[in-house]
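Here is the structure we will look at, set down as structure tokens.
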Amino acid sequence: MLEIENLSMYYDTAKKPVKAIQNVSLKLDQGEILGLVGESGCGKSAMLLTIMRLIPYPGKIKYGQIKLDGENILTKPGREMRRLRGQKISMIFQDPMTTLNPVFKVGEQVRESLRIHEMVASNSSIPFLDGARKRKEMEMVLKLMQEVGIPSEESRYHEFPHQYSGGMQQRALIALALSCRPDLLLADEPTTALDVTIQAQIMALLKQINQERGTGIILVTHDLALAAEFCHRIAVMYAGEIVEMGKTQDVIENPQHPYTDGLLHSIPKITTQKQKLLPIMGTVPDLADLPEGCSFYPRCSQAHDKCLCAVDIVELLEGHQVRCAIYQ
Amino acid sequence: MTNPQQEVLLEVKNLHKYYTIKQSYLTKLLTRHKDISVQAVDGINLRVGKKQTIGLVGESGCGKTSLGRTIIRLQDPTQGQIIYDGEDVTKLHGEQLNQYRHKMQMVFQNPYASLNPRKTVRDIVGIPLKNRGVKEPMRREEIVYDLLQKVGLSPRHINLYPHQFSGGQRQRIGIARALAMQPEFIVADEPVSALDVSVQAQIINLLEELQDEFDLTYLFIAHDLSVIFYISDAVAVMYLGKIVEMASTRELFEHPLHPYTQALLSAIPVVDREARRDRMILSGTVPSPINPPPGCRFHTRCFNKRGGCCNEKEPAWREVAPEHWVACHHYTGEAQGE
């Protein structure tokens, strides 16, 4: 359904370009959940914004294509793109408290997207005074709110975002994202601002949406464990590149890239065995000043001379790709 | 949470911390509303043994941080006692309080906000030394160098300002600052939750090494259960101002008794497929501490509640197994037979 080929996006700053995304290729099938995992500043969120074509200035797409159902969306004019956002692709943002508009009622914010995408056709000659249309839209909103698990939706419709708890706000945002029945849902750390018990509720809801509607989901998260439980496939990003991608089971149980391996050893596990954390030394490099060759080379435990040359992503097993000099 | 033989460093008895929200005079006059109190910490009993790490978990707004701050007397408790090394420190003032504070330090949650942006590392780590009574500047400088090395920074960092450091490095500075007072007890308030996974592991390892080197006792506050599991000797689970369950780490993770602990444990995502538990999804959210539900505070979300007792009587804090304390009617015999 979604096909990204050799995508590169740089922020053109006065000094050097900040290479937010470099040479990323990935595919997403209908109804699939892909996890995009990595530390902060590795280009996960930039990736989603690029797919939505909402890159903030001075970001520019340098190369590559993004194909949605076979059509390249990078060449589409703005008007068509606005139609696509919401109807085909929609996005759930990280922080629900700042994403909802504080001065409008939650229900009206959901209804607005129905109105903009003209989900209910108007029969009246003066469309904006069409009461029947508004009632129909309100009904749809109430149904949506019920689907995402907002209790007593009739009164909740007329409440403002500050009257909602964090989990409820995230549910409202999900309702908003689902309002036009998109095929693809981009979730940018949807549960980072929430508590674990609420996180479990929201993830169960997303899973249910995926199963009932067949919506494809790209889940961006820094929590490897969350991705391991929820996603069909995982792509690990580091410094703007995908360093490893494959089926969840393959990536988690048989990590091939030293970075993935390092991440897995950095998470404390709840087991009966005695364990010692083996953190990755150093910090994520500056995206404007990346090291030559493999960007993970300065922190890597298995670094050698070959790492200084450019490294391509290779397919080791079926569907399990790794970008590391060891396998060249 | 201690073995009977082990020396108790800190004991908290029936500690309360209420925050008052004052209503305006006019509101009081017109609506007869009284001042509202937020029951952030409501009757907590806790024992911390020497050189132990006690993990404190709970969701946001359950009073973890308030408890930590009250223990080191950054806030005055509303009611209750804090006994440190056999001495009641609840009512200390002035110089005496200062002496007590030397022994207890705090590492704060947000490394970006807890360091003064206009001071260099030399000042940030050096000023506590001055307060400790290290008078000669050269000696102070030496100690600062030493501390920086201990926390994994290099001496060339001494003239830099906080904005020149990454999050992990800032947290190291915060730890060095706490260590400057040569404390015995450190309240670590979510020291790793603002950091990336790989850096988080570095800081956790550092805290463990320092504990061995300086014989520190930690109260480690976190919401991440896997971190708590890794670092703590004993764990206390908080819900809405109360500790609902407390036991040694192994015991708590293997045999959680309180329904809230069970739900919390099942909610954490786990990497290993074999280690996954059946997920119990709690409905609803944490009620407001301004007006907590009567009886057991968890009964509004509990999947195991029984009418007639859970929503009326507050459960007693009971030791149901050796060193395993829980506050739930199911383990006191009162909810049986209904």
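The values are calculated or read from the model by the stated rules, or taken from the named source; none is laboratory data. In this text the structure is predicted, and so the values were computed from the model without any measurement. Here Cβ is always computed from backbone atoms with ideal geometry, including for glycine, and neighbour counts include all displayed protein chains. SASA here: full protein model, heavy atoms, side chains in, ligands and nucleic acids out. Shrake-Rupley method; radii C 1.70, N 1.55, O 1.52, S 1.80 Å.
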Nearest-ten-degree value, helix B:121-132 long axis tilted from longest Cα axis of chain B: 80
Tail beyond 23 Å, pair distance distribution of the range B:1-136 (Cα, percent): 50
Heavy-atom accessible area order for A:PHE104, A:PHE230, largest first, 1.4 Å probe: A:PHE104, A:PHE230
Probe 1.4 Å - accessible area at A:VAL311, Å² to nearest ten: 20
Rg/Rh for the range B:110-205, where both radii come from Cα atoms and Rh is the Kirkwood radius: 0.95
Shielding of B:218-230 by partner chains, average beta-carbon count, 10 Å: 2
Point-to-point label distance, B:ILE36-B:ARG132, nm (Cα→Cβ direction, 7 Å offset): 4.4
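If you average the sequence gap of Cα pairs under 8 Å that are 6 or more apart and divide by the length of chain B, what percent do you get for the contact order?
19
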Volume per residue of the C-alpha convex hull in the range A:62-153, rounded to whole Å³: 167
Helix axis angle, A:78-87 relative to chain A longest principal axis, alpha carbon, degrees: 80
For A:TYR157, solvent-accessible area (1.4 Å; no DNA, RNA or ligand), Å²: 0
Inter-chain Cβ neighbour average for residues A:189-199, partner chain, 10 Å: 5
Acute angle (nearest 10 degrees) that the helix A:106-116 long axis makes with the longest principal axis of chain A, alpha-carbon atoms: 90
Prolate/oblate/rounded call for the protein assembly as shown, Cα gyration tensor, a/c under 1.5 rounded: oblate
The range A:67-121: equivalent-ellipsoid semi-axes (sqrt of 5 x gyration tensor eigenvalues, Cα, Å): 25, 15, 9
In sequence order, calculated HN-Hα J values of the range A:208-224 (Karplus, 6.51, -1.76, 1.60; Hz; x Gly/Pro): 5, 4, 4, 6, 7, 9, x, 6, x, 10, 10, 9, 8, 7, 9, 9, 4
Antiparallel content of DSSP bridges confined to the range B:8-254, in %, to 5: 55
Whole-Hz couplings from phi, Karplus 6.51/-1.76/1.60, listed for the range A:300-309; x for Gly and Pro: 6, 7, 10, 5, 8, 4, 4, 5, 6, 8
In sequence order, calculated HN-Hα J values of the range B:78-86 (Karplus, 6.51, -1.76, 1.60; Hz; x Gly/Pro): 6, 7, x, 10, 10, 10, 10, 6, x
Simple Cβ-charge dipole of the range B:8-254, Lys/Arg +1 and Asp/Glu -1, about Cα centre, in debye nearest 20: 1140
Kirkwood hydrodynamic radius of the range B:237-304, Cα pairs, Å: 13.2
Listed residue (B:VAL192, A:HIS162, B:LEU240) projecting farthest to the positive dipole end of the protein assembly as shown, Cβ model: A:HIS162
Within the accessible area of the range B:107-199 (1.4 Å probe), percent carbon and sulfur: 48
Kirkwood Rh in Å, taken over all unlike Cα pairs in the range B:8-254: 19.1
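What Kirkwood radius, in Å to one decimal, follows from the Cα pairs of the range A:123-268?
On the way: mean 1/r = 0.0568 Å⁻¹.
One decimal place: 17.6 Å for the Kirkwood radius.
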Compactness relative to 2.2 N^0.38 Å, alpha carbon Rg of the range B:1-61: 1.77
Shielding of B:281-288 by partner chains, average beta-carbon count, 10 Å: 5
Chain A: radius of gyration and largest Cα-Cα distance (Dmax), Å: 21.4, 73
Size of electric dipole in the protein assembly as shown: Cβ of Lys, Arg +1 and of Asp, Glu -1, about Cα centre, debye, nearest 20: 1980
Alpha-carbon centroids, the range A:154-211 and the range B:82-105: separation in whole Å: 46
Across A:LYS247/A:LYS269; A:LYS269/B:LYS150; A:LYS269/B:LYS50; A:LYS27/A:LYS143; B:LYS28/B:LYS64, pairs whose alpha-carbon gap is larger than 24 Å: A:LYS269/B:LYS150; A:LYS269/B:LYS50; A:LYS27/A:LYS143; B:LYS28/B:LYS64
Range of Cα positions in the range B:202-285 per principal axis (Å), largest first: 43, 33, 23
B:SER288 versus A:GLU318: modelled label distance in nm, points set 7 Å from Cα along the beta carbon direction: 5.7
Cα convex hull volume per residue for the range B:207-338 (Å³): 134
Cβ-based charge dipole, chain A, positive-most Cα from A:GLY246, A:ILE313, A:LEU194: A:LEU194
Added length on full extension, which subtracts the Cα-Cα distance from 0.36 nm per residue, B:ASN116 to B:LYS313: 66.2 nm
Label-point separation in nm, A:MET81 to A:ASP286, each point 7 Å along Cα→Cβ: 3.0
